[in-house]
């Protein structure tokens, strides 16, 4: 059930158009969290299934199977966490770049005056989502 909710949240966030750089960052971080939650749920489900399959075995084969299942679970969770951190860091970097590019564009507008300057600043705001 949680996996389905996470997928609907991720889908909903995917179709929302971000209006500002900060909104883009928030949306990207929300998507990353939704993907992380979904990956965690999938890893847990796969681990439970693997443990059930291991119960059919006995002796050392069962022990090895359980350790392999646990290793796969830990690996999947770790990869999901790394992917989430990477996505959040990328969102932050994108936001920083947009702000810096906006400041540079706005500075270029300073050489203009009147309505030309206003138009230039408006265009920069739209282009860099400020």
Of the residues 71, 76, which single one is surrounded by 14 or more Cβ atoms within 10 Å (Cβ to Cβ) and in a helix (DSSP H, G or I)? 76
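If I ask for residues that are more than 24 Å from residue 27 (Cβ to Cβ) and either surrounded by fewer than 12 Cβ atoms within 10 Å (Cβ to Cβ) or under 28 Å from the mean Cα position of the chain (by Cα) (or both), which ones from the stretch 109-130 would you list? Break it down stepwise before answering.
Our first condition is that a residue be more than 24 Å from residue 27 (Cβ to Cβ); within the stretch 109-130, this holds for 109-121.
110, 111, 113, 114, 115, 116 - these are the residues of the stretch 109-130 that are more than 24 Å from residue 27 (Cβ to Cβ) and either surrounded by fewer than 12 Cβ atoms within 10 Å (Cβ to Cβ) or under 28 Å from the mean Cα position of the chain (by Cα) (or both).
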Among what's in the stretch 65-80 and is without any contact (Cβ under 8 Å) to a residue 12 or more places away in the chain and touching a helix residue (DSSP H, G or I) at 6+ places or on another chain (Cβ under 9 Å), pick the residue that is farthest from residue 47 (Cα to Cα). 75
Which condition from (1) exposed (fewer than 15 other Cβ atoms within 10 Å of the Cβ); (2) at pLDDT below 90 is the one that residue 56 breaks? (2)
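Can you tell which of 57, 66 is over 30 Å from residue 126 (Cα atoms), over 30 Å from the mean Cα position of the chain (by Cα) and not in a loop (DSSP other than H, G, I, E, B)?
Numbers: 57 fails: not in a loop (DSSP other than H, G, I, E, B).
It is 66.
The values are calculated or read from the model by the stated rules, or taken from the named source; none is laboratory data. Every value quoted in this text rests on a predicted model; they were computed, and no experiment measured them. With ideal geometry, Cβ positions are generated from the backbone for all residues, glycine too; neighbour counts draw on all protein chains shown.
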